[in-house]
There are 2 protein chains.
Amino acid sequence: NATAKAALGRATWKLLHTMTLRYPENPTNDEREALDSYFHLFSRLYPCGECASEFQALLKKFPPQTSSRRAASLWLCAVHNEVNHRLGKEEFDCAHLDDEYDCGC
Amino acid sequence: NATAKAALGRATWKLLHTMTLRYPENPTNDEREALDSYFHLFSRLYPCGECASEFQALLKKFPPQTSSRRAASLWLCAVHNEVNHRLGKEEFDCAHLDDEYDCGC
Ligand SMILES: Cc1cc2nc3c(=O)[nH]c(=O)nc-3n(C[C@H](O)[C@H](O)[C@H](O)COP(=O)(O)OP(=O)(O)OC[C@H]3O[C@@H](n4cnc5c(N)ncnc54)[C@H](O)[C@@H]3O)c2cc1C
Ligand SMILES: Cc1cc2nc3c(=O)[nH]c(=O)nc-3n(C[C@H](O)[C@H](O)[C@H](O)COP(=O)(O)OP(=O)(O)OC[C@H]3O[C@@H](n4cnc5c(N)ncnc54)[C@H](O)[C@@H]3O)c2cc1C
């Protein structure tokens, strides 16, 4: 069921991008480890099996960047673009990240 | 911005419920630890600060149930109902979980 898979993907990217865009500007080591572990656990638990294994491979090639909010959000944008590329979608311009994601918080 | 907060919440619940409904029926210890850690890290990183602290308190009161797919998905349904209650929303009937979430995978 491709529609359900796409809807789950959209919901998930929304959470992940909003998360990196609210990640601390100057994270502590503990916060850095939390984000790194979060993405690795996420890649094991993501409910689309094919997506999960592809994402695990991506994390190996491009480990999460956790040194700052900017580093984390640009890293995730680049990784999402890798998925876009594989699926034949257009590349997203990472300069527009801030306009796209608002957490209302 | 309450609309953005609600949209982020809806997207996030969709991911979390779909995840528990695809969690193994008979998880290994390693898989159990992964799900438990995932929820704890999630509660630290969720981009709505007020929601995150409330959810951390909920996790203390109702630790993640990780012994099986059924235990995990009913636990999350109950915890989401706790949030619904606090926000004055209707209780969701957890017998309808399977009809509601389809990951397309
Ligand atoms: C971790 C992960 C792995 C996935 N792997 C697969 C897979 O292997 N096979 C598969 O079929 N589907 C996969 N998906 C789903 C897929 O990525 C899409 O979510 C789905 O196809 C719906 O696509 P969409 O065109 O609506 O936009 P999405 O890719 O879902 O993006 C949602 C919105 O985010 C914005 N956006 C787009 N690119 C970026 C970017 N680089 N940075 C920030 N914002 C951006 C755009 O506004 C876009 O409309 C995966 C999803 C996730 C979360
Ligand atoms: C962890 C977390 C904490 C949050 N904390 C707050 C907070 O403190 N303050 C705040 O204002 N907002 C909070 N939110 C957002 C809030 O829970 C809602 O997501 C938001 O208000 C939108 O509500 P909604 O009525 O569209 O349905 P949602 O609660 O988002 O639910 C989406 C859909 O899931 C289904 N559903 C409803 N209940 C259940 C259930 N128990 N089990 C399974 N499926 C169900 C229904 O079909 C519903 O339409 C939080 C969100 C999350 C993920």
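Can you give the net charge of the other residues whose Cβ lies under 13 Å from the Cβ of A:Ala57, counting K and R as +1 and D and E as -1?
+1
What distance in nm lies between label points placed 7 Å from Cα along the C-beta direction at A:Asn29 and B:Glu25?
4.5 nm
Taking Rh as the Kirkwood radius computed over C-alpha pairs, what is the Stokes-Einstein D of the protein assembly as shown at 25 °C in a medium of viscosity 0.890 mPa s, expressed in µm² per second?
The calculation lands on 139 µm²/s.
What is the Cα convex hull volume of segment B:29-88 when expressed per residue in Å³?
73 Å³
Taking the Cα centre of chain B as origin, work out the dipole magnitude from +1 charges on Lys and Arg Cβ and -1 charges on Asp and Glu Cβ, in debye rounded to 20.
I would put it at about 360 debye.
Need one number: buried accessible surface between chains A and B, 1.4 Å probe, both sides summed, DNA, RNA and ligands left out, in Å² to 100.
On the way: alone 7020 and 6990 Å², together 11460 Å².
By this definition, chains A and B bury close to 2600 Å².
How many partner chain Cβ atoms sit within 10 Å of a residue's Cβ in peptide B:9-21, on average, as a whole number?
Partner Cβ neighbours, averaged per residue: 5.
What is the calculated FRET efficiency for B:Gln56 to B:Asn1, with r their C-beta to C-beta distance and R₀ = 25 Å, to the nearest 0.05? Mind dumping the intermediate values first?
Values: r = 23 Å, r/R0 = 0.91.
Between B:Gln56 and B:Asn1 the formula returns 0.65.
Report the local net charge at B:Leu21: Lys and Arg +1, Asp and Glu -1, summed over other residues whose C-beta lies under 12 Å from its C-beta. Walk me through the numbers on the way to the answer.
On the way: positive: B:Lys14, B:Arg22, B:Arg69, B:Arg70; negative: B:Glu25, B:Asp98, B:Asp99, B:Glu100, B:Asp102.
Its environment carries a net charge of -1.
Exceeding 20 Å between C-alpha atoms, which entries from my cross-link table qualify? They are A:Lys14/B:Lys14; A:Lys89/B:Lys14; A:Lys14/B:Lys5; B:Lys5/B:Lys89.
A:Lys89/B:Lys14
Past the 16 angstrom mark, what percentage of all C-alpha to C-alpha distances in chain A do you count?
Of all Cα-Cα distances in chain A, 59 percent exceed 16 Å.
Just give the residues from segment A:35-68 buried by at least 50 square angstrom of accessible area in the all-chains context relative to the isolated chain, probe 1.4 Å, and say none if nothing qualifies.
For segment A:35-68, once contacts with the other chains are taken into account, A:Tyr38, A:Leu41, A:Arg44, A:Leu45, A:Pro47 lose 50 Å² or more.
Using only the alpha-carbon atoms, how far is helix A:49-61 inclined from the longest principal axis of chain A? Give it as 0 to 90 degrees, nearest 10.
40 degrees
In degrees from 0 to 90, rounded to the nearest 10, what is the angle of the helix B:29-45 Cα long axis to the longest principal axis of chain B?
With rounding to tens, the tilt is 10 degrees.
Show me the GluC sites (Glu not before Pro) within segment B:1-82 that DSSP assigns to loop and that have at most 14 other Cβ atoms within 10 Å of their Cβ.
Sites meeting the loop and neighbour criteria: B:Glu25.
Give me the net charge for the shell around B:Asp102: Cβ to Cβ below 11 angstrom, other residues only, Lys and Arg +1, Asp and Glu -1.
0
Skip the ligands, DNA and RNA, and give the accessible area per residue of chain A with a 1.4 Å probe, whole Å².
For chain A, the solvent-accessible area averages 55 Å² per residue.
Under a straight-distance cross-link criterion of Cα-Cα below 19 Å, which aspartates and glutamates are reachable from B:Lys60, leaving out those fewer than 8 residues away in the same chain?
Straight-distance partners of B:Lys60: B:Glu33, B:Asp36, B:Glu50, B:Glu82.
Of all accessible surface on the protein assembly as shown at a 1.4 Å probe, what whole percent is carbon and sulfur?
Answer for the protein assembly as shown: carbon and sulfur cover 46 percent of the accessible area.
I'd like the residues of segment A:85-105 whose 1.4 Å-probe accessible area shrinks by no less than 30 Å² going from the isolated chain to the full set of protein chains.
A:Asp102, A:Cys103, A:Gly104, A:Cys105
Rounded to the nearest 500, what is the 222 nm mean residue ellipticity of chain B from helices alone, with -39500 (n - 2.57) per DSSP H run of 4+ residues and division by all residues? All intermediate terms of the calculation are to be shown ahead of the outcome.
On the way: 5 runs with 73 residues, N = 105.
Value at 222 nm, helices only, nearest 500: -22500 deg cm²/dmol.
The values are calculated or read from the model by the stated rules, or taken from the named source; none is laboratory data. The structure presented is a predicted model; accordingly, all values stated were derived computationally and were not measured. Ideal geometry is used to build each Cβ from the backbone, glycine not excepted, and the neighbour counts take in all protein chains shown. Ligands, DNA and RNA are stripped out before the accessible areas are found, and what is left, the full protein with its side chains, is counted by its heavy atoms. Shrake-Rupley method; radii C 1.70, N 1.55, O 1.52, S 1.80 Å.
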